[in-house]
Amino acid sequence: MTSTIVSTDRLTKRYGHRLAVAEVDITVRSGEIYGFLGPNGAGKTTTLRMLLGLIAPTSGSATVLGYPPGAVATTGSIGALIEGPGFYPYLSGRDNLRVMARYRSLGADAVDSALERVDLSTRGADPFGSYSLGMKQRLGVACALLGDPRLLVLDEPSNGLDPAGMADMRTLLEDLAAQGQTVLLSSHLLGEVQETCDRVGVISGGRLLAEATVAELRGATSLLVRAEPAELARQVAVRTVGHDAVHATADGLRLLGGSDAAPALTEALVSAGARVHEIRQVERSLEEVFFEMTNAARPITERTPS
Amino acid sequence: MTALFASTRAELLRLTKWRVTWLLIAVWLTLNVTFVYVIPYLSYRTGGGGEITDGQSPESLLADMMPTTLAQSLTQGMPLFGGAIMLILGAITVGSGFGWGTWKTVFVQSASRSTAFLGTLVALAVVVVGTVVTTLAVDAGLSVLVAVTEAQPIDWPPATDLAAGVGSGILIFGMWTAAGVLLGTVARSPALAVGLGLVWAMALENLLAAAANLLGGLEPITDVLPGRTAGSLAGSFGGGGTPGVLTILGGGTAGLVLAAYLLAFVVISLTLIRRRDVV
């Protein structure tokens with residue numbers, strides 16, 4: 001049985017007239033990587049700040065590890081990187097971690113281990129102010145890892161990382177999940193979320209649009225059929241899989257949930273005299289789902305052309 | 001208590017590795033030595049009576065540099081430039097954490113906001129006490145050097161006077177540091193906090209006192225403003241005529257008022273830190 005690590009109940013934050021987060025309900029379960037997905041300004045960071053007790057909600061509530069956000073009983077069990085790393089520029093990376101480790105009464109071994117996990121051991125003696133954006137980001141993740149917390153809250157952890165760094169980050173997240181640590185990850189990098197997250201919450205305009213597994217969000221697979229004449233192909237497809245499952249698109253016909261029908265459909269098309277150019281199984285990417293959802297949630301003038 | 005100890009250790013690490021901390025202490029010690037020993041000694045050697053030493057006679061100048069006046073030597077520079085330096089220390093220690101985003105990191109790492117912030121205050125208190133004790137040691141060494149050089153007897157002040165001097169020094173520096181902490185917390189920026197603090201300490205208080213003199217009836221208020229109260233506490237050890245050193249309030253009253261300011265600044269800062277959103 002999986003226990004709930006984070007849950008929110010109509011969590012809301014308002015700044016004056018601006019509604020930053022509106023009645024968000026999310027649930028993060030033990031040992032999962034939960035992706036909090038949304039465009040810039042969607043309310044991801046504000047929600048995470050509320051979960052860490054850095055800002056107070058206007059209304060609604062949340063529990064983190066069974067306590068209200070910021071409770072003394074939980075702070076030692078949470079590691080976080082929120083909206084970019086905040087460190088002392090005059091201290092080295094290692095000394096910055098030593099300062100933060102002291103807050104949790106952790107020793108030098110915890111600092112060394114954290115630096116090693118983010119591949120910063122050889123640059124630990126350099127001043128934080130001289131770090132590249134990617135190195136700063138990795139130090140922020142190292143800080144979050146100090147003491148192996150039960151819950152990691154990472155806000156856009158791949159910001160500023162090069163492709164190799166992003167791959168390393170994915171491996172690190174998977175390792176953490178394999179060790180039983182729970183990760184709440186906010187991102188607008190859809191590929192990263194699709195590859196690493198077990199479940200996803202999609203937020204736009206401060207509102208949670210969906211919460212499901214990645215597979216559930218992407219939905220069932222479909223068949224893409226390109227054959228001529230188009231009208232003949234459509235008629236054959238309707239006879240084979242039913243009217244409701246056939247959609248004409250710019251690429252050809254799309255048959256929802258029709259992957260099992262491929263052999264029969266091919267035979268029917270050929271028998272009917274159609275020229276079959278292509279029949280293949282297609283899956284909607286998380287990116288497609290994301291744009292469908294976020295476009296639908298935005299005013300028509302702001303929508304991304306698809 | 002364990003969490004507070006951990007926070008204090010963390011803050012001491014970052015304060016002691018910050019060049020700014022040592023620079024401010026060095027500036028204070030330099031100014032203290034310059035105005036308490038170097039200029040008076042040069043004036044004494046050239047016959048005294050100069051404007052910079054307020055026309056003091058050579059005998060008076062020499063007497064003020066002897067070990068027996070150590071409490072006065074220790075505190076006379078504190079109300080004005082010493083206080084301003086400590087205000088800067090408090091303001092940048094707290095204010096820069098908002099600009100660098102370190103408060104949010106610290107608040108996530110520490111047991112609670114209160115323990116994190118109290119750790120900062122205790123670490124600053126350690127710096128203040130260390131600075132006062134170092135100043136005492138430097139002043140004691142120089143006073144002995146002057147006494148030996150000028151073939152004067154080395155008489156130390158009573159231990160109670162010395163303890164009162166050290167306590168007063170800690171109170172004056174502590175109050176100004178806490179004022180800086182409050183300004184850093186309110187402004188959430190080191191530059192604005194330092195600017196506001198220096199305008200208050202170096203100009204505004206004196207302008208308000210001058211206005212009170214002209215208008216009459218406002219002295220009871222202006223007499224207990226932070227800088228003037230600190231000046232009165234320093235003035236209770238002598239050193240009248242030194243800029244910033246006053247004799248408006250008695251030493252006991254000034255000490256109590258300064259302690260009240262210190263407490264108020266700490267409580268207001270802590271309340272703001274606990275209640276406000278950290279963005």
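The numbers here are math on the coordinates, done by the rules we state, and not lab data. Note that the structure is a prediction, hence the values are computed from the model and not measured. Ideal geometry is used to build each Cβ from the backbone, glycine not excepted, and the neighbour counts take in all protein chains shown.
I'm checking a number: the convex hull volume of the Cα atoms of chain B, normalised per residue, in Å³. What is it?
In chain B, the Cα hull volume divided by residue count equals 136 Å³.
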**Prompt:** Rounded to whole Å and sorted largest first, what semi-axes of the equivalent ellipsoid does the C-alpha gyration tensor of region A:220-282 yield via the square root of 5 times each eigenvalue?
**Reply:** 15, 12, 11
**Request:** Sort largest first and round to whole Å: the equivalent ellipsoid semi-axes of region B:117-252, each the square root of five times a Cα gyration tensor eigenvalue.
**Result:** 30, 22, 13
**Request:** Calculate I(q)/I(0) for the protein assembly as shown by the Debye formula, one identical point scatterer on each C-alpha and no solvent, and give its log10 at q = 0.08, 0.09, 0.12 Å⁻¹ to two decimals.
**Result:** -0.70, -0.81, -1.12
**Message:** On a straight-distance basis, which lysines could pair with A:K136 in a cross-link, Cα separation under 28 angstrom, same-chain partners fewer than 8 positions away excluded?
**Reply:** A:K44, B:K17, B:K104
**Message:** So for chain A, averaging the separation of alpha carbon pairs under 8 Å that are six or more residues apart and normalising by length, what relative contact order in percent results?
**Reply:** 19
**Complete:** Rounded to a whole number, the mean other protein chain Cβ count within 10 angstrom for residues of B:11-23 is 3
**Request:** Determine ³J(HN,Hα), in whole Hz, for all residues of region A:234-246 in sequence, where each value follows from phi through the Karplus function 6.51 cos²θ - 1.76 cosθ + 1.60 and θ = phi - 60°; x replaces Gly and Pro.
**Result:** 5, 4, 5, 5, 5, 5, 7, 10, x, 4, 5, 8, 9
**Complete:** For A:I78, the net charge from surrounding residues (Cβ-Cβ under 12 Å; K, R +1; D, E -1) works out to +1
**Asked** Hey, got the average number of other protein chain Cβ atoms within 10 angstrom for residues in A:46-54?
**Response** 3
**Prompt:** Using alpha carbons only, how many degrees (0 to 90, rounded to 10) separate the axis of helix A:163-178 from the longest principal axis of chain A?
**Reply:** 80
**Item:** Angle in degrees between helix B:2-16 and the longest Cα principal axis of chain B, rounded to the nearest 10
**Value:** 60
**Asked** Rule-of-thumb check for region A:101-186: C-alpha Rg over 2.2 N^0.38 Å?
**Response** 1.04
**Message:** What three numbers, in Å, describe the spread of the alpha carbons of region B:1-71 along their principal axes, ordered from the longest?
**Reply:** 57, 24, 15
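Rg to Rh ratio, region B:230-279, alpha-carbon atoms and Kirkwood radius?
Checking Rg against Rh, the ratio lands at 1.26.
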**Item:** Pairwise label distance in nanometres, A:E287 with B:A191, each label 7 Å out on the Cα-Cβ vector
**Value:** 4.1
**Fill in**
To the nearest 0.05, the calculated FRET efficiency linking A:T122 and A:D260 through their beta-carbon distance, R0 being 56 Å, is 0.55
**Asked** If you take the C-alpha gyration tensor of region A:4-217, multiply each eigenvalue by 5 and take the square root, what semi-axes do you get, largest first, in whole Å?
**Response** 27, 19, 17
**Fill in**
Percent relative contact order for region A:220-282, counting Cα pairs under 8 Å at least six residues apart, stands at 51
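Rounded if a/c is under 1.5, else prolate if a/b beats b/c, else oblate: with a ≥ b ≥ c from the C-alpha gyration tensor eigenvalues square-rooted, which is region A:10-62?
On the way: a/c = 2.06, a/b = 1.49, b/c = 1.38.
Prolate.
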**Message:** Using Cβ contacts closer than 10 Å as the measure, can you line up B:R274, A:R234 from fewest to most?
**Reply:** B:R274, A:R234
**Message:** Can you show me the helix-derived [θ] at 222 nm for the protein assembly as shown, built from DSSP H runs with n ≥ 4 at -39,500 (n - 2.57) apiece and divided by the number of residues, rounded to the nearest 500.
**Reply:** -16500 deg cm²/dmol
**Item:** Relative contact order of region A:1-157, pairs being alpha-carbon contacts under 8 Å that are 6 or more residues apart, as %
**Value:** 23
